[in-house]
Structure formats: C-alpha cells, structure tokens
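Scroll down for the structure; my scribbles are underneath it.
Each value in this text was obtained by applying a stated rule to the coordinates, not by laboratory testing. In this text the structure is predicted, and so the values were computed from the model without any measurement. Here the Cβ is made from the backbone with ideal geometry for all residues, glycine too, and neighbour counts use every protein chain on show.
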Amino acid sequence: MIGGNISGDLFELPAGVVGIAAGFEYREEFSRSEFDALQQAGLNAGNAIPATEGSFDVTEYYVEANIPVLDSVTMNAAVRLSDYSTVGNTESWNVGVDWEVMDSLRLRATRARSTRAPNIDELFSPPSQTFPSGLNDPCLGVTNSGGGAAGDACRTDVGVTTNIASNGEFTLNQSDLQGISGFNRGNQDLKEEVGDSVTVGLVFTPENLISGLDITLDYFDIEITDAIVSTPRQFILDQCYGGGDTSFCDFVTRRSAPSGNNSAGSLEFIDSGVSNSGGLGTEGVDLTLMYSTDIGPGAFRTRLAYTYLIDGYSIPLLGADKDEFAGEIGASEHKANWNFGYKLNDFDFNWSLTYIGAADFDDQFLSGFGIAPGGVGIGSVTYHDVQASYHISDSTELYAGASNLFDKEPPRILSGVSGSSTGTETDAGTYDPIGQSFYIGFRSKF
C-alpha cells in the first residue's frame, strides 16, 4: 500500500465544558498480488489465481463533540464525510449518551451509521478458480415429466435430457459431485455498504462490594444494507432452476455430454461475483467480566467474554428472502472465552479456554434432503491454550506455550457437505484443524 495523509485536531475546548475535535485526512491506497505463471494457470496442483492490482484515493473530514449535559450525563456525537475515487461521497455518524447513575454503575447507549467502501480485491479481482462443495443440484432425480418449475427448467438443458434418457432420471455419481468448479470475481460497479446499529449497555464496578471486579453488559442490533458479499452458489442454482430468475443460469455451465468420469448434464462450472446484496443483520448480547486481585506474592487476573447470538441473517440479493444463519456452523448461538493469569515478579502465566457452542448445518443445505432446519448438527467444542513468559528486562521477553493443549479434534464435516473447508473435513475458519502445537519465542523492543 502506498499512502499519504494529513490529519489532526483543529481545536479542543477545556474538558468539563464542551470538547470538540475536527480534522481531515487524505490517503492513496495501491496493492498488487501476483503468483507465478503456473499458479496463475492452475497447473501446480492448486487453483488458478490470477494477478490482482488496483488503487483508489479518498479525502475525509470529521468533527467530534463531547457535551456534558448534567454532572452525571454526557452526550457525544461525531460525523465523518468521505469522498472516494471509486464510490463517491459517503457519510458516517454516531450519537451517544453516557449516564453515571452512581459511582459503581454507568449506563450507555449509541446510535450509529457506518459505511464501508469496497476494497481493492472486491473491486478489481479477476476471475479466480474455486471448487465449491456442499451444493444440492435441483435437477437430481428429475424425470421426463413432473418436478414442477424446477423440473421444467432442468429439462431445457440438453445434457440433463441426455442423462435422463440413459438412466430414467437425472443421476449423478461421486465424480460429478466432486468435479464442480467455478470462478469468483470482483466488481468495479460496487458501491459502499451502509450499516445502522444500536447498542445499549451498562458498566458495573462494585468496588465497595468486590474490589477489582468489572462487569459490562451490552445489547447490539446491527443491520447492513447493500452489504458487499459473493452471491451464494446454492442461491444461484435455486434461482436458475425454478426460482423465477433465469438470468442466474448465465453463471451455470453443465456438461452437454459425458466427459471422462463425469456424467452428461453434471455441473461443470458455477461462477459467482461480489455484489451489493440485500443486506446482513446480527443481534445479540455481549457479557464481559474482569477480576483482578493479589494472591500470595503475585497478582491474579481473570476475564470472561461471552456472546449470545439472538439473530443473524443474510439477504443474497435485493428482494430475496432472509437466509437465517444464527445457530448454524460458523455462527453458534453461544461463544465464550475465559482467561486466567498469574504474575509473579518477572514471570507471567496465562491459561485460556475457548468455548464454541453446538451448531446446526446450513438450513438450505438440509432442505435439499428434505430435512427440517436444525435437524442435523454438531456438538460444542472447548479449546485450552497456555502460555508462560519471563521478562528478562523491561524490553526483552522470553515466552513459550501450547495451542489446543489437549489436542481436541474438530467436529467432522465431510467434504462436499456445507461448512466443510477444502482438505480439512471441518470448518477451518471456526475450529482448529491442526491439533496440538507448541511454540517458543523471543521478543525485544528497541
């Protein structure tokens, strides 16, 4: 990235009266990623990944204010105006209030509008190969007649009718299920995504009851319109075959005749690209407890962070139905992290527990097999990580630790099933596919 900026506070009035800050910033961003020729052609046992290059610049202005209303109530507000070379003018703002009810209790609330402009990869990425899994072919089982709108749409494809003529119904083998490819691409016509959020919470510090204890509880509700996402491939298939929008069929390529181990009519390519979708939303509660105290000659500390996901959904395209994902793999309703630490002179020890609650398979994937949402899922998982460090001096530290100390295996999600990351047979973005590992390191500040 190449960038330059000029920013700073123009003025600030004394604290306790009204605080105001303002400033501006200009920056330029450029990036380029390029693989060797074999990788770009997909000839070295990996996907074909072409070079990506792009740039943009932005000028931003902002004003922030902190306004004491009463001795115990403070209001704050901010606005930021941006001018991007890619999407044009955007604006973000927030308004909040902080009320100190008593020495040990504060209430807070914020209403905000935020914007995010598309990044270079989302804008300029050329077609990049992928091999999607977890897809249900709407044509599977279709015969010479019947099947409703999906059946009618499937029979318009010559490969599908050839398959039906040979087998009596549209049939796929294992090579067909594993032989689907496709390309992802950027979109230079993207516009910014806009998020509206509400957060309400409290901070409780009962020093008179339990010294060293801090409790925060926050409710959040976030809705994003024009969210920048890749159109799900299952959505593309469902829209093309009986969903009422045949324009999505332009992204689907079927084999017109048998090819090697692949059957006539089997899916060869399903392409997808980023676009401004109908939206994305999450709602939930965050709870954080922190406690510190002296135990013996050292200092003990602990921190618990827990999130309960009440609701979560995405809307693939404007006007489409909500796809609920709260409680599904990658978005468990319950998640928590609990840390314990003890510091004695120059020694520091930390133990961390990460809990990921039970989760269901994607409801759209299950519907392809006639299974109700929540009908099949995986159990909860807890990981343990430890680290010890020794401060040789104020600027030098020696540390060692273990990740996934008890070698907890990730939940098995078979290849080809929704939620499985290629080559791992689990959701590698949520669970640890590597297992127990140890490390040692040295850190120094100059």
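A Cβ distance below 8 Å, combined with a sequence gap of six or more or placement on separate chains, defines the contacts here; from the range 171-197, residues that are closer than 17 Å to Ser259 by Cα reach residues that are of a type in the set (A, V, I, L, M) and surrounded by fewer than 19 Cβ atoms within 10 Å (Cβ to Cβ) in the pairs Thr171/Leu140; Leu172/Leu140. Can you find even one residue in the range 362-376 that is in contact (Cβ under 8 Å) with a residue 24 or more places away in the chain and in a strand (DSSP E or B)? No, there is no match, as no residue in the range 362-376 is in contact (Cβ under 8 Å) with a residue 24 or more places away in the chain and in a strand (DSSP E or B).
For the range 377-392, the count of residues that are among the small types (Gly, Ala, Ser), in contact with a strand residue (DSSP E or B) (Cβ under 7 Å, 6 or more places away or on another chain), assigned to a loop (DSSP other than H, G, I, E, B) and over 30 Å from Thr225 (Cα atoms) is nonzero. Gly330 meets the conditions (1) buried (at least 18 other Cβ atoms within 10 Å of the Cβ); (2) under 17 Å from the mean Cα position of the chain (by Cα) in every case but one. The failed one is (1). For the range 378-389, check the following and say yes or no: at least one residue is surrounded by fewer than 17 Cβ atoms within 10 Å (Cβ to Cβ), hydrophobic (A, V, I, L, M, F, W, C) and within 23 Å of Leu405 (Cα to Cα). Yes, there is a match, as at least one residue in the range 378-389 is surrounded by fewer than 17 Cβ atoms within 10 Å (Cβ to Cβ), hydrophobic (A, V, I, L, M, F, W, C) and within 23 Å of Leu405 (Cα to Cα).
When the range 117-131 is filtered for residues that are farther than 13 Å from Ser85 by Cβ and outside any helix (DSSP H, G or I), the ones remaining, listed by number, are Asn119, Ser125, Pro126, Pro127, Ser128, Gln129, Thr130, Phe131.
Checked against the criterion of being of a type in the set (Val, Ile, Thr) and exposed (fewer than 15 other Cβ atoms within 10 Å of the Cβ), the range 296-309 contains not a single residue that satisfies it.
Quick check, is Pro411 closer than 23 Å to Tyr308 by Cβ, part of a loop (DSSP other than H, G, I, E, B) and not hydrophobic (A, V, I, L, M, F, W, C)? Yes. Residues satisfying the criterion are absent from the range 157-164 (criterion: buried (at least 19 other Cβ atoms within 10 Å of the Cβ), in contact (Cβ under 8 Å) with a residue 60 or more places away in the chain and among the hydroxyl-bearing types (Ser, Thr, Tyr)).
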